[in-house]
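Here the structure comes first, spelled out in structure tokens, and everything after it is commentary.
The values are calculated or read from the model by the stated rules, or taken from the named source; none is laboratory data. All values derive from a computational prediction rather than experimental measurement. Cβ placement follows ideal geometry from the backbone for every residue including glycine, while neighbour counts extend to all protein chains displayed. Note: accessible area is taken over every heavy atom of the protein model, side chains too, but ligands, DNA and RNA are not part of it. Shrake-Rupley method; radii C 1.70, N 1.55, O 1.52, S 1.80 Å.
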Amino acid sequence: MTDRQNMNRRSMLALTGKAGLTTLTAQAIGVNLGLVGVAGAAQGKVEPFRFAIISDPHLYSGVDHVFDKNLEDAVSQVNGLAKRPDFVIAMGDIAHHGERDQMEKGKRILSALKTKLVSIPGEHDWYLDMGASWRENFGKETWSFDHKGVHFIGMNAILTPDFWTAAKLTPEQRRDWFMPLNSPVPGLWGCGEAQRDWLKKDVANVDPATPVVIFTHSPLWDYYPRWNFQVSDSKEIRQILGKFTAVTAFHGHVHHTVYNKIGNMTSIGTMSTSWPWPYPPVKLPYPEFQQNRADPSNTSDGMGSAAVDLDQKGGSFVTHQPFADSLPAKMKNGFKA
Ligand SMILES: [Fe+2]
Ligand SMILES: [Fe+2]
């Protein structure tokens with residue numbers, strides 16, 4: 001067993017047993033509370049099951065890059081879950097530079113999963129070849145399916161208006177404008193009219209009591225638009241899904257755990273396997289909790305995967321699975337204040 005797998009075991013225990021990780025546990029409880037309203041409408045219609053989330057591997061070209069190992073560790077983490085997930089969702093940013101070899105490497109590493117894989121793209125996957133190699137390796141970017149009483153939706157949320165053709169940018173220049181968090185050139189991205197029309201048709205005949213789970217790379221709310229922690233047409237998407245008793249929206253992109261609730265939509269951000277982005281300088285209302293990331297000497301702190309358990313009533317319980325124990329070293333064995 002590797003050091004990191006050892007840490008996984010400790011972290012999982014910590015999630016259920018240690019007060020020091022209240023951030024992660026409380027977030028999960030918050031998610032459950034957020035879906036209490038489903039109970040009456042959907043009772044008995046959901047056959048309980050689990051799915052898992054792996055997000056933002058940001059693979060580089062070449063061999064033996066540390067991010068390759070991180071993704072392999074996330075795959076081991078998911079494969080090691082005592083309760084097998086029915087599927088795994090890869091939440092985008094597989095390939096840091098959008099290169100075909102990075103995409104193929106991601107597909108190869110993820111092929112070790114002992115369960116079905118579904119995927120949505122991130123901006124790093126998309127703008128070198130406008131999704132061509134991502135599609136070749138991971139399929140369609142807009143999809144839905146029904147599973148054990150839950151309606152699942154995946155959409156491409158990182159589409160921007162064309163700023164590159166008139167500027168005569170090369171594919172590499174176009175891609176590179178999406179690299180920094182606060183890049184001013186691409187502007188705010190979203191799902192766009194064609195996908196919104198698709199979504200309207202997709203949910204037209206779905207019973208409003210059906211629990212809905214939607215996956216987008218970026219959050220379906222205005223978390224911090226300056227860093228593109230947003231989806232520009234999220235309000236319209238929330239309106240299209242407004243008829244449902246409860247919608248749970250999962251996203252990657254922000255590379256940390258975050259929770260939000262607007263109307264019937266509960267949003268959950270998940271950790272990346274590559275690096276943790278800082279929390280943006282915004283104050284979020286209760287019941288938002290920031291993930292503890294208090295050990296600067298721990299290079300795996302703030303990264304990992306997630307497991308989501310859907311219960312009989314359609315409620316979901318999220319267990320964030322950090323690669324490393326997020327307790328500061330001095331707190332691991334208790335401390336006196
Ligand atoms: Fe990312
Ligand atoms: Fe991203």
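Among the residues making up the stretch 71-99, those that are away from ligand 1 (no atom under 16 Å from the Cβ), in a loop (DSSP other than H, G, I, E, B) and surrounded by fewer than 21 Cβ atoms within 10 Å (Cβ to Cβ) are 80, 81, 82, 83, 84, 86. When residue 109 is tested against the conditions (1) modelled with pLDDT of 95 or more; (2) within 16 Å of residue 323 (Cβ to Cβ); (3) more than 19 Å from the chain's Cα centre (by Cα), the lone failure is (3).
Apart from one condition, residue 190 fits all of (1) within 16 Å of ligand 2 (Cβ to nearest atom); (2) of a type outside the set (Val, Ile, Thr); (3) farther than 20 Å from residue 252 by Cβ; the exception is (3).
For the stretch 207-228, the set of residues classified as closer than 23 Å to residue 50 by Cα, touching a residue at least 12 places away in the same chain (Cβ under 8 Å) and away from ligand 1 (no atom under 16 Å from the Cβ) consists of 208, 209, 210, 211, 212, 213, 214, 220, listed by residue number.
Here is a list: 260, 264. Which entry is more than 15 Å from the chain's Cα centre (by Cα) and among the polar types (S, T, N, Q)? Steps first, answer last, please.
Values: 260 fails: more than 15 Å from the chain's Cα centre (by Cα).
From the options 260, 264, the qualifying one is 264.
Name the residue that is most open to solvent (accessible area, probe 1.4 Å), counting only residues in the stretch 47-70 that are assigned to a loop (DSSP other than H, G, I, E, B) and more than 10 Å from residue 94 (Cβ to Cβ). Selected residue: 64. Exactly one residue out of 152, 138 is buried (at least 18 other Cβ atoms within 10 Å of the Cβ), under 23 Å from residue 192 (Cα atoms), aromatic (Phe, Trp, Tyr) and in contact (Cβ under 8 Å) with a residue 60 or more places away in the chain: that is 152.
Could you look through the stretch 100-135, keep only residues that are among the acidic types (Asp, Glu) and either part of a helix (DSSP H, G or I) or buried (at least 20 other Cβ atoms within 10 Å of the Cβ) (or both), and pick out the one that is nearest to ligand 2 (Cβ to nearest atom)?
First, pick out the residues of the stretch 100-135 that are among the acidic types (Asp, Glu): 101, 104, 123, 125, 129.
With the extra rule that they be either part of a helix (DSSP H, G or I) or buried (at least 20 other Cβ atoms within 10 Å of the Cβ) (or both), the set shrinks to 101, 104, 123, 125.
Details: 101: 20, 104: 20, 123: 5, 125: 9 Å.
Checked the stretch 100-135; the qualifying residue nearest to ligand 2 (Cβ to nearest atom) is 123.
Working only within the stretch 236-264, note down all residues that are open to solvent by 10 Å² or more (accessible area, probe 1.4 Å), in contact with a Phe, Trp or Tyr (Cβ under 9 Å, 6 or more places away or on another chain) and at pLDDT 95 or above. The answer is 238, 264.
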